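The structure appears below as structure tokens.
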Amino acid sequence: MEQVASDIPSTDEFNKPQLDPLLLDAEACYRALKSRDARFDGRIFVGVTSTGIYCRPICPAPSAKFKNCRFFPSAAAAQEAGYRPCLRCQPETAPDLGAWHGTSNTVTRGLALIAEGALDGDTATAEQLAARLGMGERQLRRLFQEHLGASPITVAQTRRVLFAKQLIHDTRLPMAEVALAAGFGSVRRFNETFQQLYQRPPTALRRKAITAVAQGSVAASGVTVRLRYRPPYDWPFMLSYLKARAIPGIERVTEDCYARSIALDGQFGSVEIGHDARACSLVATIRFPCVRALPQIIARIRRVFDLGADVTLIGAHLAQDPQLRPLVTARPGLRAPGGWDGFELAMRAILGQQVTVTAGRQLAAKLVASCGTALPPAARSPADLTMAFPTPAQVAAADLGMLGMPNARRQALANMALAALANADLFRAGGNVEETIAKLCAIKGIGDWTAHYIALRVVRETDAFPASDIGILRGATSPGGARPTPKELLQMAEAWRPWRAYAAQHLWAADEVLLELKNAQSDQS
């Protein structure tokens, strides 16, 4: 194998936190490729000019010569440059495909819409996506090229192809269902794309041990997919968070699994999610009658479990603050849990105002019992998932007096339901976090805390920060010091941008972390 210059930067030097994902030094990338360091998996992709194939940096194949390597910040950029995916390292299984912390807010919103299928089908256009984002197509293309190295259409096509390839490899879905689930407008287009990329039909990529099952398999036996993440990952914390807030009939949390009901477009199903630590992935079994909904369901799973976070990079930034450093060190894999559905999360946030987590969960259970939808028997798997969360229309029409809440908070629930009915993009990000907060605070009864909490959990604003939260204020209090005011905390938090949401999560967990540290010191003494 060809040797490269000895002055190639080390992987540690390359791994310094950077906000621009396109600042890729070819020699540093090659050093990362040679070391097969998993820290770079999903952050860089290498195209090999001699083969026309692009790979993950952890590909087990012998590394190509340096002169034959071209490096890209995303799989879409490699594909747009004319490279085809490697069949050995399978780029579709790389963690966090195309989600970068260095992208602009507009690109982040665009990626979220693409993940939900905004460019799927033969009639969807980049112009339509740009209109949803409030800009022109040319400006959108420029931003995508600047931050991801590829156009919106290429990003969407790459997502479809890689997701379809994952379904071919990992599931028993018939090819027609794979094409629909991945967002292809037709089976013919699906076959043509795979023939062009892989020089073989999609059926040739299926493992011989996997036999396709009949149509409707998603609803009957479920589809199991693996969703990779970039380690470390604090799975016990995530399960603990979800368990404390689980609504009976909607969710179930055991020692190693999270399950919940699904309601989309008048259809019902369920999902069960476990953890495979050795493979750095979550294992999700989805049962739903419409295969076209799979990308949207998977996008929600990624949001709830915060699979797109590069917690090493975020932690390195937050740990520069002496007060946050011990918290980050103690919980390096801590994520910011998300909400399954925007409206559901907003209801939970209002119900949880000025009460304990337990009381908020009990109020949510009352709301579900009062105006939720009972699942049909075919959708009750596991059997203890019996309800779907109420829709905005159901809440708006309900008599909320049975909740036993102050009238102002009941009215806030109704106002939120009406706002959700009036604005389908209510829970999508604005141009920046301030615009997102302002949009939510315009709803009567929604204050700064609730707006920031919704922005953090479901809009996925990484810089959302409910500074008036009593738990965060308590976590930010130095030992023996005075508790800061919300204004003082906001001043402290300026140094934590653009990841104040993760700082908030560490401060919420501070009591537990400090107790663990205290116990550890006692054991040592």
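The values are calculated or read from the model by the stated rules, or taken from the named source; none is laboratory data. Please read these numbers as outputs of a predicted model, since none were measured by experiment. Here the Cβ positions follow ideal geometry from the backbone for every residue, glycine too, while neighbour counts run over all protein chains shown. Side chains are part of the model used for accessible areas, which takes the heavy atoms of the whole protein and leaves out ligands, DNA and RNA. Shrake-Rupley method; radii C 1.70, N 1.55, O 1.52, S 1.80 Å.
Note on the chain: Cα-Cα pairs beyond 42 Å make up 19% of the total pair count. Taken over the range 142-205, the alpha-carbon convex hull comes to 84 cubic angstrom per residue.
Per residue, the range 347-408 exposes an accessible area of 46 Å² to a 1.4 Å probe, with every protein chain left in place.
Show MET402, MET175 ordered by accessible area, largest first, where the area counts protein heavy atoms only and the probe is 1.4 Å. It would help to have the intermediate numbers written out before the result.
Working: MET402 75, MET175 35 Å².
Per-residue accessible area, sorted high to low, gives MET402, MET175.
Please sort 234-245, 386-397 by packing, taking for each peptide the average over its residues of neighbouring beta carbons within 10 angstrom, highest first.
Values: 234-245: 16.7, 386-397: 19.6.
Result, highest mean Cβ count within 10 Å first: 386-397, 234-245.
Amide H to amide H, with H built 1.01 Å from N, CYS86 comes under 5 Å of TYR54, counting only residues 5 or more places away or on other chains.
For each pair in LYS243/LYS444; LYS444/LYS487; LYS243/LYS366, compute the distance between the two Cα atoms and list the pairs where it is over 25 Å. The answer is LYS243/LYS444. Remark: accessible surface ordering of VAL328, VAL357 (largest first) is VAL357, VAL328, probe radius 1.4 Å. By the 4.7 Å beta carbon criterion, which cysteine residues of the chain come out unpaired? CYS29, CYS69, CYS257, CYS280, CYS290, CYS371, CYS441, each lacking another Cys Cβ under 4.7 Å. For the range 139-145, putting each phi into the Karplus relation 6.51 cos²θ - 1.76 cosθ + 1.60 with θ = phi - 60° gives couplings of 5, 5, 4, 4, 5, 5, 5 Hz, in residue order, rounded to whole numbers and with x for Gly and Pro.
What does the charge count around ARG36 come to, taking other residues whose C-beta lies under 14 Å from its C-beta (Lys +1, Arg +1, Asp -1, Glu -1)?
Details: positive: ARG31, LYS34, ARG39, ARG43, ARG56, ARG88; negative: ASP37, ASP41.
Net of charged neighbours comes to +4.
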